[in-house]
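Participant: For reference, the structure I am asking about is given below.
What follows is calculated from the coordinates using simple rules that are stated; it is not laboratory data. This is a predicted model, so every value here is computed, not measured. Heads up, the Cβs are rebuilt from the backbone with ideal geometry, glycines too, and the neighbour counts pull from every protein chain shown.
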Amino acid sequence: MAQLPAENSTLARAVRRAAEQGRLSHAIVLSGDGDLLGAARFIAASHVCEEESKPCLRCRHCRKVLEGIHPDVTVIRDTEHRELTVDAVRALRQDVYIRPNEAARKVYIIADSHQLNERDQNVLLKIVEEGPPYAAFVFCTDSPSALLETVRSRCVLLKYDAVSEDALPPEAEQLCRAFARGKVLPVTAYLVALENRRMKREELRDVLRSAWCAAAEALLLQMGKQTPDPACGETAQALARGLTARQLRQLTALLEKYSGHVLGALAVEWEELL
Ligand SMILES: [Zn+2]
């Protein structure tokens, strides 16, 4: 199974936002020190997922992408870490014009794309620019500067740094701190404050999803997990201290249910739960 980026990572949030608005680029250069292949699969799943919240990570397309068996998602890599072969690029050039098998799109993940020589980069650039509309490309590289400027300028550049970039959005942290007090008032007060900010639906979904991550982590901590997730550890510890296991379980269910929904309804159910 692929190691996916954390839901609260900058990358996962950016990809979800773009995918849900139908503006996820068909050509992405992915760099950084995180698990690029895992992150690329997350992006590929966002392209082929059929659910509204992309990637849902549950539908048949998402599951196949994560297991590495989706017929319309191809990973191109040279396991011996030498120059990617001409054959691989030639095969891609033919394959790309065969319509997708199961999904609406076809996704090519090019691992270590800095190993592509100039000629092959130009071949791929032409496909990116003139290929069929269903084709999408994720160029993974730890040095984007090794790619031709013409390639980079045609792609959206995304960075995936595994540790440093993963942090809870401040709103999610504050919301969790309010939940951790185990009382009705701090939560309703903060939800009202959030409501007044008139955040966009997807931003709100982001906050609730991140809060869900922290609550789930808190449950694990209560169950004896030793090292807290660096992204949300402190907040999760506060939740683990403030709430009982039963309350935490119900809170995670609640946050999952209300991702992107009405805050007021969440407040009411929180009150009933205590
Ligand atoms: Zn899906």
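Participant: By count of other Cβ within 10 Å, fewest leading, how are VAL184, VAL48 ordered?
Facilitator: VAL184, VAL48
Participant: Further question: Just add up the charged neighbours of LEU221: K/R +1, D/E -1, any other residue whose Cβ is under 15 Å from the Cβ of LEU221.
Facilitator: Around LEU221, the charge tally is 0.
Participant: In addition: Give me the net charge for the shell around ALA135: Cβ to Cβ below 14 angstrom, other residues only, Lys and Arg +1, Asp and Glu -1.
Facilitator: In short, +2.
Participant: Could you tell me which of rounded, prolate or oblate describes the stretch 86-171, using a ≥ b ≥ c as the square roots of the eigenvalues of the alpha-carbon gyration tensor, with rounded for a/c under 1.5 and, failing that, prolate when a/b is larger than b/c and oblate otherwise?
Facilitator: Oblate, since a/c reaches 1.5 and b/c is not below a/b.
Participant: On a 0 to 90 degree scale, rounded to 10, what angle separates helix 233-242 from the longest Cα axis of the chain?
Facilitator: 30
Participant: Taking the Cβ-Cβ separation of GLU130 and ALA253 as r and a Förster radius of 35 Å, what is the calculated FRET efficiency to the nearest 0.05?
Facilitator: Computed FRET efficiency for GLU130 and ALA253 comes out at 0.15.
Participant: What percent do you get for the relative contact order of the chain when only Cα pairs under 8 Å and 6+ apart count?
Facilitator: Relative contact order of the chain: 21 percent.
Participant: Another question, if that's okay. Give the dimensionless ratio obtained when the Cα radius of gyration of the stretch 132-243 is divided by 2.2 N^0.38 Å.
Facilitator: 1.44
Participant: Still on this model: Would you mind checking the tilt of helix 36-48 against the longest principal axis of the Cα atoms of the chain, expressed as 0 to 90 degrees and rounded to 10?
Facilitator: For 36-48 against the chain, the angle is about 90 degrees.
Participant: Rounded to the nearest 500, what is the chain's calculated 222 nm mean residue ellipticity when only DSSP H runs of at least 4 contribute -39500 (n - 2.57) each, over all residues?
Facilitator: -16000 deg cm²/dmol
Participant: Using amide H atoms built in the peptide plane, which far-off residues or other-chain residues are under 5 Å from LYS54 H to H?
Facilitator: Distant-sequence amide H within range of LYS54: GLU20.
Participant: Using the Cα atoms of the chain, I'd like the radius of gyration and the largest Cα-Cα distance, Dmax, both in angstrom.
Facilitator: That works out to 20.9, 64 Å for Rg and Dmax.
Participant: Further, regarding this structure: How much length would be gained if the chain were fully extended between ASP142 and ARG77, taking 0.36 nm per residue of separation minus their Cα-Cα distance, in nm to one decimal?
Facilitator: 22.0 nm
Participant: Further, regarding this structure: Semi-axes, largest first, in whole Å: what does sqrt of 5 times each Cα gyration tensor eigenvalue give for the stretch 10-159?
Facilitator: The answer is 23, 17, 14 Å, longest axis first.
Participant: If you stretched the chain out fully between ARG93 and LEU274, how much longer would it get, using 0.36 nm times the residue separation minus the C-alpha to C-alpha distance?
Facilitator: Full-extension gain reported as 59.2 nm.
Participant: Let me ask something else. Which shape class applies to the stretch 181-236: rounded if a/c is under 1.5, otherwise prolate when a/b exceeds b/c and oblate if not, where a ≥ b ≥ c are the square roots of the Cα gyration tensor eigenvalues?
Facilitator: oblate
Participant: Check ALA136: other-chain or 5+ apart residues with amide H under 5 Å from its amide H, H built from backbone geometry?
Facilitator: Amide H to amide H, under 5 Å and 5 or more residues apart or across chains, ALA136 pairs with LYS106, VAL107, TYR108.
Participant: So in the chain, what percent of DSSP beta bridges are antiparallel if you round to the nearest 5?
Facilitator: 0
Participant: Among the listed pairs LYS54/LYS159; LYS200/LYS257; LYS159/LYS257; LYS64/LYS106; LYS54/LYS106, which have their C-alpha atoms separated by more than 21 angstrom in this model?
Facilitator: LYS159/LYS257
Participant: Something else about it: Quick one: length gained pulling SER53 to GLU202 fully straight, 0.36 nm per residue minus the C-alpha distance?
Facilitator: Stretched out fully, the SER53 to GLU202 stretch lengthens by 52.6 nm.
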